[in-house]
Amino acid sequence: MNRILNRLRPLPKLKEAILGMGYVTPVFFIMGALVVLPLISTIWDSFYNVNPMRAGTPFVGFDNYAKLLSDPNVQKSWTNTFIYVAITVILETVLGVGAALLLNKVKFGRSWLLAALILPWCLPPVVNAVVWMWIYNPSYGVLNGVLLSLGLIEENRVWFNDQFTALFLISIVHAWRMMPLTAIIILAALQAIPKDLYEAAKLDGAGPIKMFRKVTLPLISGGLAIALSQSTVFAFNLFDEAWILNGAGLDTRTVMIQVYMSAFQNLKFSYGMALSILAMLASLIVSAVYVLRIYRETRFD
Amino acid sequence: MAKLEISNLTKNYGKVEVIKGVDLTVEDGEFVSLIGSSGCGKSTLLRMIAGLEDITSGSISIDGRVINDVEPKDRDIAMVFQNYALYPHLTVAENMGFSLHLRGVPKNEAKIAVEKVAETLGLTPYLDRAPKALSGGQRQRVAMGRAIVRNPRIFLFDEPLSNLDAKLRVQMRLEIKALQKRLGTTSIYVTHDQVEALTMSDRLVLLNGGQVEQIGTPMEVYKKPANIFVASFIGSPAMNLFDGILHRDVEQTFVTVHGNKILVPNCPKLTNGTKVKLGIRPEHLKYAATDSGNNIINMKVSMTETTGAETYAYGHFGDEAMTIKLNGEDAIKSGDKISLTVKTNLLHVFDYVTGIRINN
């Protein structure tokens, strides 16, 4: 009896602290080695001029950042990236919420539909992009084929000739891949809403549209904030789709492609690092806006 | 304010019949409870009235107008849910005013209505809080308030007190009843708790397996249960039921149970020698002066429980289990052999096979 009581006695303060530290240590080291250290060294190096083709790494201060502001290629890639972010986030959110609402209604075979929905997300981005490259192919692509047979176009189009069409088509490929994640996050949020709230709303006099606006939307806003920030971050980091479909083409070049080209094609390491830091800040700020705004409005969580 | 009429109502889920032809009329301003064990169809019936479940056949009408195909939102019925179903993203005031808001009632008007109801329910200090910051009883009141603000034709309650602790349940029971009397709104109340049903209702509807077993005032169902189901459902502890044989001679009708002769009220329909079930409520058995003679039950006590005011004794008469309810002061212990007596007019005789009540 005494022995059990002894065991149940709380650990001494110090021992408890050591135990807690023990639990945290692995995560601390892994995150430190894989996230924090590289981040710090990237920030650090972005103030120097690191170039394997040149001797020495002189300190240049904000030079890299200043040059970025006036680089027309960088400016172009920023514009492109913001367009991608706008299109893909809208597409993913609208389609994802729509898919989640439909799945939430389906009673029979939901798990199969869910599996089918997730498929594009499970494909490696490169494979996904290659599939769409065939769809968009000017001479034998499905897109031209379908539009021709519907009579919407009269001859095969080279889709990537027009910048905005190209940006839009690449956005579709990215949204197609990422939409399932939004759908699943929203579906989980929808399923957490108690059924009797809808019944109460029905009796209170809500039609389907008001039900969605007044009950569903506020209650999934937490999930929506998560979905929005992840789709924003992934859209800022868009690389594979644009690279596979249109290579280094300036019309469709993203900031990440620009980083890759500066750092690894032109071997201006520090320049690339400075740009990647800016890209990180941009996606952080944009997603922080949603998260903070939506969390402030959801008083109930 | 409305009269509700339900006629020959049925509900099937696929091939399973949940409601099997229910007829019920609820008068304007009446408080009617639907009571039965879980799965008896009482909640389904309530949800059909609300319009949350489809009707397979039969009809529901309010003030003579059939509402089978009327959308829930157009039925002008308010419902209080078991889990309150408060909107977590809205404040108490917004919850209560939600239906007015949906109906496009001007903000000022809605605010006045909400404040008025909040005052009667003692919710004024909580109007700006989120439901999460309220206790169970307060949430219950908000749910009630939301129903009242609308001033609907009918209130539906779906086991509204089952999530509250015992003390609060008694308090809310009284409050709901007082409020309903004051508002005079037709109310239908689903519960599995016979005390709630008996204390609150003008009339009770006992449901079993999707069918109505009996409809009556609390006293009617207690004093004259229509059958064995009602007899054993209403009353606590449950009614004792003994197997016996009915005898009749010129002067008297009696039932023999384990050799004892128990005089029963007249049972005109039965012939001499019929097998019957004799029902005796535990609270109607009293200590007898003798251990033989008419209307004597010899009980061997095997266990006792006391609540202070009352003592329950469990034991056997012959080989049949029985329970009695005695005054808390009565000294009784397991192993005791006691003789009890019961008044003839308090006895219930049921058909052995169908379970239907035979005596008047």
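Out of all the residues in the range A:51-59, is one or more assigned to a helix (DSSP H, G or I), open to solvent by 80 Å² or more (accessible area, probe 1.4 Å) and not acidic (Asp, Glu)?
No, every residue in the range A:51-59 fails to be assigned to a helix (DSSP H, G or I), open to solvent by 80 Å² or more (accessible area, probe 1.4 Å) and not acidic (Asp, Glu).
I'm checking my understanding of the structure. Among residues of the range B:20-61 that are over 19 Å from B:GLN214 (Cα atoms) and within 14 Å of chain A (Cβ to nearest Cβ), which one is most open to solvent (accessible area, probe 1.4 Å)? First the steps, then the outcome.
Going through the range B:20-61, the residues over 19 Å from B:GLN214 (Cα atoms) turn out to be B:28-29, B:47-61.
Then drop every residue that is not within 14 Å of chain A (Cβ to nearest Cβ), which leaves B:47-54.
Details: B:ARG47: 41, B:MET48: 0, B:ILE49: 2, B:ALA50: 0, B:GLY51: 18, B:LEU52: 27, B:GLU53: 36, B:ASP54: 117 Å².
In this case the residue turns out to be B:ASP54.
What about B:SER302, is it surrounded by fewer than 18 Cβ atoms within 10 Å (Cβ to Cβ), part of a strand (DSSP E or B) and either among the charged types (D, E, K, R) or at negative phi (or both)? First the steps, then the outcome.
Details: surrounded by fewer than 18 Cβ atoms within 10 Å (Cβ to Cβ): yes; part of a strand (DSSP E or B): yes; either among the charged types (D, E, K, R) or at negative phi (or both): yes.
Yes, satisfied.
Restricted to the range A:88-101, and to residues that are touching a residue at least 12 places away in the same chain (Cβ under 8 Å) and either hydroxyl-bearing (Ser, Thr, Tyr) or open to solvent by 40 Å² or more (accessible area, probe 1.4 Å) (or both), which residue is farthest from A:TYR271 (Cα to Cα)?
Checked the range A:88-101; the qualifying residue farthest from A:TYR271 (Cα to Cα) is A:LEU101.
Determine the pairs where a residue that is within 14 Å of another protein chain (Cβ to nearest Cβ) and assigned to a helix (DSSP H, G or I), located within the range B:112-131, has a partner that is open to solvent by 70 Å² or more (accessible area, probe 1.4 Å) and at pLDDT below 95 with Cβ atoms under 8 Å apart, the partner being 6 or more residues away or on another chain.
B:PRO131/B:ARG139
Exactly one condition in (1) open to solvent by 20 Å² or more (accessible area, probe 1.4 Å); (2) more than 32 Å from the chain's Cα centre (by Cα); (3) not aliphatic (A, V, I, L, M) is not met by B:ARG139; state its number.
The single condition B:ARG139 does not satisfy is (2).
Among the residues of the range B:341-357, is there at least one that is at pLDDT below 95, more than 30 Å from the chain's Cα centre (by Cα) and either surrounded by fewer than 18 Cβ atoms within 10 Å (Cβ to Cβ) or under 30 Å from B:GLU213 (Cβ atoms) (or both)?
Looking for residues that are at pLDDT below 95, more than 30 Å from the chain's Cα centre (by Cα) and either surrounded by fewer than 18 Cβ atoms within 10 Å (Cβ to Cβ) or under 30 Å from B:GLU213 (Cβ atoms) (or both), one finds none in the range B:341-357, hence no.
Of all residues in the range A:225-255, which are touching a Ser or Thr at 6+ places or on another chain (Cβ under 6 Å) and over 26 Å from A:ALA189 (Cα atoms)?
Matches in the range A:225-255: A:LEU238, A:ALA242, A:ASN246, A:ARG253, A:THR254, A:VAL255.
Working only within the range B:154-165, note down all residues that are in contact with a strand residue (DSSP E or B) (Cβ under 6 Å, 6 or more places away or on another chain) and either farther than 18 Å from B:GLN194 by Cβ or within 11 Å of chain A (Cβ to nearest Cβ) (or both). Explain how you work it out, then say what you get.
Of all residues in the range B:154-165, those in contact with a strand residue (DSSP E or B) (Cβ under 6 Å, 6 or more places away or on another chain) come to B:154-160.
The answer is B:ILE154, B:PHE155, B:LEU156, B:ASP158.
Identify the residue in the range B:69-79 that is open to solvent by 40 Å² or more (accessible area, probe 1.4 Å) and farther than 17 Å from A:MET211 by Cα and, among all such residues, is nearest to the other protein chains (Cβ to nearest Cβ). Break it down into steps so the answer makes sense when it comes.
Initially, the range B:69-79 is screened for residues open to solvent by 40 Å² or more (accessible area, probe 1.4 Å), giving B:69, B:71, B:73-74, B:76.
Right, trim to farther than 17 Å from A:MET211 by Cα and you get B:69, B:76.
On the way: B:ASP69: 15, B:ASP76: 9 Å.
Filtering first and then ranking leaves B:ASP76.
Please state which of the following conditions B:MET144 fails to meet, knowing it meets all the rest: (1) more than 10 Å from chain A (Cβ to nearest Cβ); (2) in contact with a helix residue (DSSP H, G or I) (Cβ under 6 Å, 6 or more places away or on another chain).
It is condition (2) that B:MET144 fails.
For the range A:136-147, name all the residues that are open to solvent by 40 Å² or more (accessible area, probe 1.4 Å) and either under 16 Å from A:THR252 (Cβ atoms) or not in a helix (DSSP H, G or I) (or both). Step through it out loud before you land on a result.
To start, the set of residues in the range A:136-147 that are open to solvent by 40 Å² or more (accessible area, probe 1.4 Å) comprises A:138-140, A:142-143, A:146.
If the condition is that a residue be open to solvent by 40 Å² or more (accessible area, probe 1.4 Å) and either under 16 Å from A:THR252 (Cβ atoms) or not in a helix (DSSP H, G or I) (or both), then A:PRO138, A:SER139, A:TYR140 are the ones that fit.
What are the residues in the range B:37-60 that are in contact with a His (Cβ under 9 Å, 6 or more places away or on another chain) and among the basic types (Lys, Arg), if any?
Going residue by residue through the range B:37-60, those that are in contact with a His (Cβ under 9 Å, 6 or more places away or on another chain) are B:37-38, B:40, B:42.
Selection gives B:LYS42 alone.
Considering only residues that are surrounded by 21 or more Cβ atoms within 10 Å (Cβ to Cβ) and among the small types (Gly, Ala, Ser), look in the range A:227-254 and name the one that is farthest from the other protein chains (Cβ to nearest Cβ).
In this case the residue turns out to be A:ALA242.
Looking at the range A:203-247, which of its residues are more than 24 Å from B:GLU71 (Cα to Cα) and not in a helix (DSSP H, G or I)?
Scanning the range A:203-247 gives A:ASN237, A:LEU238, A:PHE239, A:GLY247.
Taking the range A:75-87, which residues are of a type in the set (S, T, N, Q) and free of Cβ contacts under 8 Å to residues at least 12 places away in the same chain?
So the first thing to find is which residues in the range A:75-87 are of a type in the set (S, T, N, Q), and the list is A:75, A:77, A:79-81.
Within the range A:75-87, A:GLN75, A:THR79 meet the criteria.
Any idea how many residues of the range B:80-110 are more than 23 Å from B:GLY137 (Cα to Cα), in a helix (DSSP H, G or I) and more than 10 Å from chain A (Cβ to nearest Cβ)?
Within the range B:80-110, the subset more than 23 Å from B:GLY137 (Cα to Cα) is B:100-110.
With the extra rule that they be in a helix (DSSP H, G or I), the set shrinks to B:100-102, B:107-110.
Filter once more, so that each one left must be more than 10 Å from chain A (Cβ to nearest Cβ): B:107-110.
Result for the range B:80-110: 4.
Does the range B:1-18 hold any residues that are hydrophobic (A, V, I, L, M, F, W, C) and either over 20 Å from B:THR186 (Cβ atoms) or open to solvent by 10 Å² or more (accessible area, probe 1.4 Å) (or both), and which are they? Walk me through how you get there before you give the answer.
Initially, the range B:1-18 is screened for residues hydrophobic (A, V, I, L, M, F, W, C), giving B:1-2, B:4, B:6, B:9, B:16, B:18.
Those that are hydrophobic (A, V, I, L, M, F, W, C) and either over 20 Å from B:THR186 (Cβ atoms) or open to solvent by 10 Å² or more (accessible area, probe 1.4 Å) (or both): B:MET1, B:VAL16, B:VAL18.
Would you check if B:PRO218 is open to solvent by 20 Å² or more (accessible area, probe 1.4 Å), at pLDDT 95 or above, touching a strand residue (DSSP E or B) at 6+ places or on another chain (Cβ under 8 Å) and closer than 24 Å to B:GLU196 by Cβ?
So B:PRO218 fits the description; yes.
Do the conditions hold for A:LEU217, that is, is it open to solvent by 60 Å² or more (accessible area, probe 1.4 Å) and of a type in the set (A, V, I, L, M)? Talk me through it step by step, then tell me what you get.
On the way: open to solvent by 60 Å² or more (accessible area, probe 1.4 Å): yes; of a type in the set (A, V, I, L, M): yes.
Judged against the criteria, A:LEU217 is a match.
Hey, among B:LEU4, B:LEU46, B:LEU34, B:LEU9, which residue is over 24 Å from B:PHE233 (Cα atoms) and touching a strand residue (DSSP E or B) at 6+ places or on another chain (Cβ under 6 Å)?
On the way: B:LEU46 fails: over 24 Å from B:PHE233 (Cα atoms); B:LEU34 fails: over 24 Å from B:PHE233 (Cα atoms); B:LEU9 fails: over 24 Å from B:PHE233 (Cα atoms).
That would be B:LEU4, the only listed residue that is over 24 Å from B:PHE233 (Cα atoms) and touching a strand residue (DSSP E or B) at 6+ places or on another chain (Cβ under 6 Å).
State all residues of the range B:132-141 that are within 14 Å of chain A (Cβ to nearest Cβ) and either of a type in the set (Lys, Arg) or not in a helix (DSSP H, G or I) (or both); if no residue qualifies, say none.
Within the range B:132-141, B:LYS132, B:LEU134, B:ARG139 qualify.
Any residue in the range B:280-306 that's closer than 13 Å to B:ILE338 by Cβ: show its pairings with residues that are among the polar types (S, T, N, Q) and open to solvent by 50 Å² or more (accessible area, probe 1.4 Å) at Cβ separation under 8 Å, as long as the two are six or more apart or on different chains.
Filtered contacts from the range B:280-306: B:ASP291/B:ASN298; B:ILE296/B:THR290; B:VAL301/B:SER334; B:SER302/B:SER334; B:THR304/B:SER334.
Give the residues of the range A:60-74 that are surrounded by 13 or more Cβ atoms within 10 Å (Cβ to Cβ), free of Cβ contacts under 8 Å to residues at least 60 places away in the same chain and assigned to a helix (DSSP H, G or I), sorted by residue number.
A:ASP63 - this is the single residue of the range A:60-74 that is surrounded by 13 or more Cβ atoms within 10 Å (Cβ to Cβ), free of Cβ contacts under 8 Å to residues at least 60 places away in the same chain and assigned to a helix (DSSP H, G or I).
Which one of A:LEU150, A:LEU167, A:LEU197, A:LEU224 is surrounded by 17 or more Cβ atoms within 10 Å (Cβ to Cβ) and either out of contact with any helix residue (DSSP H, G or I) (no Cβ under 9 Å at 6 or more places or on another chain) or away from every other protein chain (no Cβ under 14 Å) (or both)? Write out each step before concluding.
Working: A:LEU150 fails: surrounded by 17 or more Cβ atoms within 10 Å (Cβ to Cβ); A:LEU197 fails: either out of contact with any helix residue (DSSP H, G or I) (no Cβ under 9 Å at 6 or more places or on another chain) or away from every other protein chain (no Cβ under 14 Å) (or both); A:LEU224 fails: either out of contact with any helix residue (DSSP H, G or I) (no Cβ under 9 Å at 6 or more places or on another chain) or away from every other protein chain (no Cβ under 14 Å) (or both).
Going through A:LEU150, A:LEU167, A:LEU197, A:LEU224 in turn, just one is surrounded by 17 or more Cβ atoms within 10 Å (Cβ to Cβ) and either out of contact with any helix residue (DSSP H, G or I) (no Cβ under 9 Å at 6 or more places or on another chain) or away from every other protein chain (no Cβ under 14 Å) (or both): A:LEU167.
The values are calculated or read from the model by the stated rules, or taken from the named source; none is laboratory data. Remember, predicted model here, so these are calculated numbers, not experimental data. Counting neighbours? That spans all protein chains shown, and the Cβs are built from the backbone with ideal geometry, glycine included. Calculation scope for accessible area: heavy atoms of the full protein, side chains included, ligands and nucleic acids excluded. Shrake-Rupley method; radii C 1.70, N 1.55, O 1.52, S 1.80 Å.
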